[in-house]
Amino acid sequence: MNFQVSESLFEKAKKLIPGGVNSPVRAFRAVGGHPVFIKRAKGAYLYDEDGNEFIDLINSWGPMILGHAHPHIEEAILEALSSSPSFGAPTRREVEIAELICGMIPSIEKVRMVNSGTEATMSAIRVARGFTGKDKFIKIEGCYHGHGDSFLIAAGSGAMTFGTPDSPGVTAGTARDTLIAPFNNLQAIEEIIETNKDQIAAIILEPVVGNMGCVIPQPGYLAGLRKLCDQNNVILIFDEVMTGFRLSPGGAQQLYGVTPDMTTLGKIIGGGLPVGAYGGKKEIMDSVSPVGPVYQAGTLSGNPLAIAAGLAMLRLLNKNQEIYGQLNQQTTALVEGIRAQCQEKGLNYTINHVGSMFTLFFTDQPVVDFESAKTSDTKAFASYFQSMLRHGIYLAPSQFEAMFVSTAINEPIIERILQASKKALQNVIVPL
Ligand code: HOZ
């Protein structure tokens, strides 16, 4: 495979853009080499500037759940475009998408559209604080909620990849109000609540974590959080930016049967365009301006193009709910194939898998939280990643990210991925 054009673009990009990229994980620093510059994509495939073809297992970190350049979504964007891409005024589609979101995720009684997952989580925390009159909140170690100041403490995703889970630039005052607990550990939450009596506005977490790799809630964990929040007057916020409309039509909350007070959404609800949303109980959401005093606004919020794309995506998902079973089956076939290969090679590995999200960790331990995720051999992952790339499979370029499967990944494509994986695992050595 030739990567000449990508390499020269990256050299130029580094002079103009910090690290040559507009989001750190894309720089491939965790896996070495140069990032691949993508030109176009269709269905299951990405095509780079050098003309290489890759099977895509990131799918824009989630939203391309129906594969790339889906004709219905394209059509919706083009139709909206011909009526002007922005008004800064209310539109019919915003009412329609709000109705659809509230219908598919019943814990959301009212919803506010924003422009990214980061905006959604920043706003949700502000609302939780405004509504409860309390300042502190609990964040789970290794969960990533975008790059808002108060979330860049023990953060996952790129912050974990680059070893900077606590970012410089976040003031000590901000950091003081963010209390950290490990994932899957109810006792830690109880202790924090006890030592900060009546000071905690909210607990925010990814109900299935996608940002320290895929990490799954243990039985009773989410229900236990719900109970603790009820007992202590704390708002439970599920960050479903990755899991919303991906793990089931109603997200992780539907899958696990636990109802949060607030939910943050992103990615899928823009059908690939930049959108986020936060919502929840009516009484909480009515504290948002102009009904209530908590201020949050945005000219591009509810942008016609983004909402048209999101609406088309959500309508497709709502109408074709059988795709969730199919996605689970496809991903299971892929995961079980990789598992068999790891076993055959006698590797130390753990695969975490829910629905159409999964991560292969190169570790001998179960991965249940930040500490156990960090036991992974990142060099082994880098070697696997590079080999997969050269065999035409595009994985997330870090051990601490999830893979996202789309409906376009059919049986023959799974077979191709497994053939590549078998070769890639030949060179992976994870010492016992
Ligand atoms: N932080 C994102 C996923 N965990 C990656 C964003 C990107 O590079 O697009």
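The values are calculated or read from the model by the stated rules, or taken from the named source; none is laboratory data. What you see is a predicted model, and the numbers here were worked out from it, not measured in a lab. Positions of Cβ are backbone-derived with ideal geometry, glycine not excepted, and every protein chain shown enters the neighbour counts. SASA here: full protein model, heavy atoms, side chains in, ligands and nucleic acids out. Shrake-Rupley method; radii C 1.70, N 1.55, O 1.52, S 1.80 Å.
Data for the structure
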{"read-out": "Of all residues in the stretch 236-257 being farther than 14 Å from Gly325 by Cα and within 15 Å of the ligand (Cβ to nearest atom), the one that is nearest to the chain's Cα centre (by Cα)", "value": "Met242"}
{"read-out": "Qualifying residue in the stretch 310-329 (condition: in contact (Cβ under 8 Å) with a residue 24 or more places away in the chain, farther than 22 Å from Gly210 by Cα and touching a Gly at 6+ places or on another chain (Cβ under 7 Å))", "value": "yes"}
{"read-out": "Single match in Thr407, Thr375 (criterion: closer than 30 Å to Ala98 by Cα and not in a helix (DSSP H, G or I))", "value": "Thr407"}
{"read-out": "Count of the stretch 274-299 residues which are over 22 Å from Met262 (Cβ atoms) and of a type in the set (A, V, I, L, M, F, W, C)", "value": "0"}
{"read-out": "Any pair with Cβ under 7 angstrom, 6 or more apart, that starts in the stretch 186-213 at a residue that is within 16 Å of the ligand (Cβ to nearest atom) and ends at one that is open to solvent by 70 Å² or more (accessible area, probe 1.4 Å)", "value": "Pro207/Tyr256"}
{"read-out": "All positions within the stretch 136-171 that are more than 11 Å from the ligand (Cβ to nearest atom) and under 14 Å from the mean Cα position of the chain (by Cα)", "value": "Gly142"}
{"read-out": "Check on Ile429, hydrophobic (A, V, I, L, M, F, W, C), surrounded by fewer than 20 Cβ atoms within 10 Å (Cβ to Cβ) and not in a helix (DSSP H, G or I)", "value": "yes"}
{"read-out": "Residues (more than 19 Å from the chain's Cα centre (by Cα) and crowded, with 21+ Cβ neighbours inside 10 Å) located in the stretch 348-358", "value": "Tyr349, Thr350"}
{"read-out": "Of the criteria (1) more than 16 Å from the ligand (Cβ to nearest atom); (2) open to solvent by 10 Å² or more (accessible area, probe 1.4 Å); (3) modelled with pLDDT of 95 or more, which one Thr174 fails", "value": "(3)"}
{"read-out": "Looking only at the stretch 385-416, and only at residues there that are open to solvent by 10 Å² or more (accessible area, probe 1.4 Å) and among the charged types (D, E, K, R), the one that is nearest to the ligand (Cβ to nearest atom)", "value": "Arg390"}
{"read-out": "Criterion: closer than 17 Å to Gly244 by Cα, open to solvent by 40 Å² or more (accessible area, probe 1.4 Å) and among the acidic types (Asp, Glu) - qualifying residue of Glu344, Glu336, Glu322", "value": "Glu322"}
{"read-out": "Test result for Thr118, within 16 Å of the ligand (Cβ to nearest atom), buried (at least 23 other Cβ atoms within 10 Å of the Cβ) and β-branched (Val, Ile, Thr)", "value": "no"}
{"read-out": "Residues satisfying the stated conditions in the stretch 248-283, i.e. polar (S, T, N, Q) and over 21 Å from Ile58 (Cβ atoms)", "value": "Gln253, Gln254, Thr259, Thr263"}
